[in-house]
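Asks: One structure is given below, represented as structure tokens, and several questions about it will come after.
The numbers here are math on the coordinates, done by the rules we state, and not lab data. This is a predicted model, so every value here is computed, not measured. Note: ideal-geometry Cβ built from the backbone for every residue, glycine included; neighbour counts use all protein chains shown.
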Amino acid sequence: MVRVRFAPSPTGNLHIGGGRTALFNWLYARAKDGKFILRLEDTDKLRSQQEFVDEILNSLKWLGFNWDEIYYQSQRFNIYREQAEKLLKSGLAYTEKLPDKPGEAIIFKVPQQKIKMQDLIHSGIEFDTAVIKDQVLIKSDGTPTYNFACVVDDATMDITHVIRGDDHISNTPKQVLLYEALGFKLPKFAHLPLIMNIGGGRLSKRTGATAISEYRLMGYLAPALVNYLLLLSWSPGENRELIDIKEAIKLFDLTDVNKTAATFDLKKLGWINNQYLKNADSDKLADEIIPMLIEKNYIHKDGFDRNYLVSIVKLFQPRLLVVNDFADWADFFFLDEPNMDPAAEEKYLKKDLSREFTLFIERLDALKSFDIASIEESFRGLISELGIESKALIHPIRVALTGKTIGPGLFEVIYYLGKERTKERLSKFIK
């Protein structure tokens, strides 16, 4: 049975690179009907924090990467000590007392040899151990080193495939030596190409190296972010960029992962998120939007019309890049007065439009049925009567009603604002 693991260190939040590694491990396990193991590498007592553990676990849950087993390295120190002492007894390791350090360190004697290993993504990789110095297994304070704990855990947890980033390739020969010394079966390795920014450099905060939890707070949908992470080194084929995770499970294989570095593009992520938002269930999307509207005091927790809100959500869905855009773009539906853009007011409302606004209000009052089609018909009739272009009145009315120059269709805006609020806002610009 395939058994893979994702092994984050709770010394920081789960970022894009870690999220992609977790995805490819989880995906391979599900594609092969195997097990996905989560291992928290929390041996650094000073830097490991519970808040990071919580953030990592919550982010993985939000992304949908359910694990089958979970382990904490801090609870396995006796296992590492036991394996290190085996190497001591066999003469493959030695102890050393370091100056100003309590206790003794256990150090592995690195044999001089050439190592050839297969990688499922990069094919053959070769190392000469002459450039590797003896490796500390157990530090003088009793804590295991990364490479040693990693090997012991992967072997005792029956990990069959080690899927991790290219930045771990330098650790692989050291670990191969330890597998051989301990008599453990070697797993198959697959090193994922690094994720770079558009300019070819390493990711930074500015170019996307942001915690998964922050993407969630910014309003990205979990399925959209997972879809995008999938495209960082893998493709479903046929130039497709949108793929459901259930279909991806059926198609995914490690041998199809690209060897070259992946490029992280925030604009591409925004486009994918927009596609998911367009097709999202409006009622469920409203559930995500409601808390931010309550926080901004746009609605009261126990006193708003949910059906009305869902209608407004549907109105904006095609335009949203992130969920959070809604509160900024649709604020005029929930405020007594719209937040006016000064530049828009200067451009479209500086001219006296009292006559045009008055005539439009009269036409709205005369409507027998206040619906979108009737509102548009009355507007078109007014434009024809005045002998002007539609844009000469559409833009000023939009700014007067919303405070903005862009948004959903004007007639939809008027309909959902309602006749009275529309008349009230237009009247403020009638001299």
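Asks: Mind listing the long-range amide H neighbours of LEU203? Cut-off is under 5 Å, sequence gap 5 or more, other chains count too, H placed in the peptide plane at 1.01 Å from N.
Replies: ASN197
Asks: Still on this structure: Set the Förster radius R0 to 25 Å, insert the Cβ-Cβ distance between ALA261 and ASP141 as r into 1/(1 + (r/R0)^6), and round the FRET efficiency to 0.05.
Replies: 0.10
Asks: Rounded, prolate or oblate for region 51-158? Axes are the square roots of the Cα gyration tensor eigenvalues, ordered a ≥ b ≥ c, and the cut-off for rounded is a/c under 1.5.
Replies: In terms of gyration-tensor shape, oblate.
Asks: Still on this structure: Calculate one ³J(HN,Hα) per residue across region 116-126 by plugging θ = phi - 60° into the Karplus curve 6.51 cos²θ - 1.76 cosθ + 1.60, and present them in order as whole Hz with x for glycine and proline.
Replies: 10, 9, 8, 10, 5, 9, 9, 6, x, 10, 10
Asks: Checking the cross-link filter: which lysines have an alpha carbon closer than 22 Å to that of LYS45, excluding same-chain neighbours under 8 positions apart?
Replies: List returned: LYS97, LYS101, LYS139.
Asks: Same structure again: Through the Karplus equation 6.51 cos²θ - 1.76 cosθ + 1.60, θ set to phi - 60°, convert the phi angles of region 382-391 into ³J(HN,Hα) values in whole Hz; use x for Gly and Pro.
Replies: Karplus-based 3J(HN,Hα) across region 382-391 equals 5, 4, 5, 5, 7, x, 10, 6, 4, 5 Hz.
Asks: Sticking with this structure for a sec: As an exercise, use a Förster radius of 51 Å and the Cβ-Cβ distance of ASP365 and LEU217 to find the FRET efficiency, rounded to the nearest 0.05.
Replies: 0.70
Asks: Here's a follow-up. Exactly which trypsin sites (Lys or Arg not before Pro) in region 308-386 are in a DSSP loop and have at most 15 other Cβ atoms within 10 Å?
Replies: Sites meeting the loop and neighbour criteria: LYS350, LYS351, LYS368.
Asks: Along Cα→Cβ, 7 Å out, is where each label goes; now give me the distance between the ones at LYS109 and GLU420 in nm to one decimal.
Replies: In this crude label model, LYS109 to GLU420 measures out at 9.1 nm.
Asks: Pull out the extension gain between THR129 and ASN307, defined as 0.36 nm times the separation in residues minus the alpha carbon to alpha carbon distance; nm, one decimal.
Replies: 57.3 nm
Asks: What residues qualify as long-range amide H neighbours of PHE189, i.e. H under 5 Å apart, gap of 5 or more or another chain, H built at 1.01 Å from N?
Replies: LEU120, VAL162
Asks: Another one. Out of GLY64, GLY124, GLY34, any idea which swings most in a Gaussian network model of the chain, alpha carbons joined below 10 Å?
Replies: GLY124
Asks: Excluding LYS114 itself, calculate the net charge of residues whose Cβ lies under 15 Å from the Cβ of LYS114, where each Lys or Arg counts +1 and each Asp or Glu counts -1.
Replies: In short, -1.
Asks: What is the distance in Å between the Cα centroid of region 336-389 and that of region 250-288?
Replies: Measuring centre to centre over Cα atoms gives 40 Å.
Asks: Moving on to the next point. Which Cα, out of LEU364, TYR228, LEU393, lies furthest along the positive dipole direction of the chain (beta carbon charges, K/R +1, D/E -1)?
Replies: So the residue furthest toward the plus end is TYR228.
Asks: Additional query: Can you tell me the dipole magnitude for the chain around its Cα centre, using point charges on the Cβ only (Lys, Arg +1; Asp, Glu -1), in Debye to the nearest 20?
Replies: 740
Asks: Please rank ILE406, ILE16, ILE245, fewest neighbouring Cβ atoms within 10 Å first, as an exposure proxy.
Replies: Fewest to most other Cβ atoms nearby, the residues stand as ILE406, ILE245, ILE16.
Asks: Starting from the Cα of ALA392, move 7 Å in the Cα-to-Cβ direction to define the label point; list residues of region 323-356 whose amide nitrogen is under 18 Å from there.
Replies: Backbone N within reach: 347-356.
Asks: Report the local net charge at ILE397: Lys and Arg +1, Asp and Glu -1, summed over other residues whose C-beta lies under 10 Å from its C-beta.
Replies: Once all neighbours under 10 Å are counted, the net charge is +1.
Asks: Okay, moving on. As a test of the definition: which semi-axes, in Å, follow for the chain when you take the square root of five times each eigenvalue of its alpha carbon gyration tensor? Largest first, please.
Replies: 62, 21, 18
Asks: Could you compute the net charge surrounding GLY381? Neighbours are other residues with a C-beta less than 12 Å from the C-beta of GLY381; K and R count +1, D and E count -1.
Replies: With Lys, Arg at +1 and Asp, Glu at -1, the neighbours total -2.
Asks: Next question, about the same structure. What FRET efficiency comes out for ARG47 versus LEU251 if R0 is 51 angstrom and r is the Cβ-Cβ distance? Round to the nearest 0.05.
Replies: Computed FRET efficiency for ARG47 and LEU251: 0.85.
Asks: Antiparallel as a % of all DSSP beta bridges within the chain, to the nearest 5?
Replies: 50
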